[in-house]
Amino acid sequence: MSESKPARFITLEGIEGVGKSTNLEFASAFLKQNGIPHVVTREPGGTPMAEEIRELLLRPREEKVHDLTELLLIFAARAQHLHSFIVPHLRQGTWVLCDRFTDATFAYQGGGRELDMDTISQLENIVQGTLRPDRIIWLDAPVNLGMKRIAERKGAPDRFENERHRFFERVRNVYEARATAQPDHYRRIDASAPLEQVKEALEVELASLINS
Ligand code: TMP
């Protein structure tokens, strides 16, 4: 069906607790129903080495992690993921559905940690060249809702989940600013709506990509 069309690179973004994992499963099932060959992956991570870097990044530790160390580790994992997994799949016509990508770096490291956005842009250009997601699906919900859902989860919080309300407000504000600045690439979905409604909105977006 889509064989002659280029494979799409789609990312899902949003603060913690907005339902990215559930919606990625919906998205994958929808692509499958429509006969679209695809892979589902995530950042940080997506290859064995990048998953090791993820572990380094998320594990709470006593040593203070310098913000620049965090940023460089994220881009190191991304370089590995991009060049050994994402790009080869796109080249062979396989769509890539990715749980977070560089928009998360602008939001979390630029917004949350208040690192310089230009530094992030420079690293983006070095690591990715001109490659950018075709569509960024931003699952948006108020920070209180996201934090409530995290609190209900089992297991110890990771290094990011330990951050406070203000941090996630800054993260959300960056997603909002980027969505406003890039209306052709971003699609905002209200993740505080009932799940069935979120799923429908997601399918509308995917259908438009399949048919375009
Ligand atoms: P998650 O993918 O399970 O939500 O967890 C990954 C965490 O890593 C999440 O808290 C956001 C954070 N993160 C960044 O801070 N910057 C990034 O560029 C990416 C991809 C993730």
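The values are calculated or read from the model by the stated rules, or taken from the named source; none is laboratory data. Note that the structure is predicted; figures quoted are calculated from it, not measured. In case anyone asks, the SASA skips ligands and DNA or RNA and just uses the protein heavy atoms, side chains included. Shrake-Rupley method; radii C 1.70, N 1.55, O 1.52, S 1.80 Å.
Tabulated data
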quantity	calculated
Principal axis dimensions, the chain - Cα atoms, whole angstrom, descending	52, 38, 33
Stokes-Einstein diffusion coefficient of segment 152-212, Kirkwood radius over Cα pairs, 37 °C, 0.692 mPa s, in µm²/s	231 µm²/s
Helix runs (DSSP H) in the chain reaching 20 Å along axis by Cα, Kyte-Doolittle at least -0.5	67-81, 195-211
Residue-averaged [θ]222 nm for the chain, counting only DSSP H segments that reach four residues, each worth -39500 (n - 2.57)	-15000 deg cm²/dmol
Carbon/sulfur fraction of accessible area - the chain, other protein chains in place, 1.4 Å, %	51 percent
Average accessible area per residue (Å²) across the chain - probe 1.4 Å, nucleic acids and ligands excluded	51 Å²
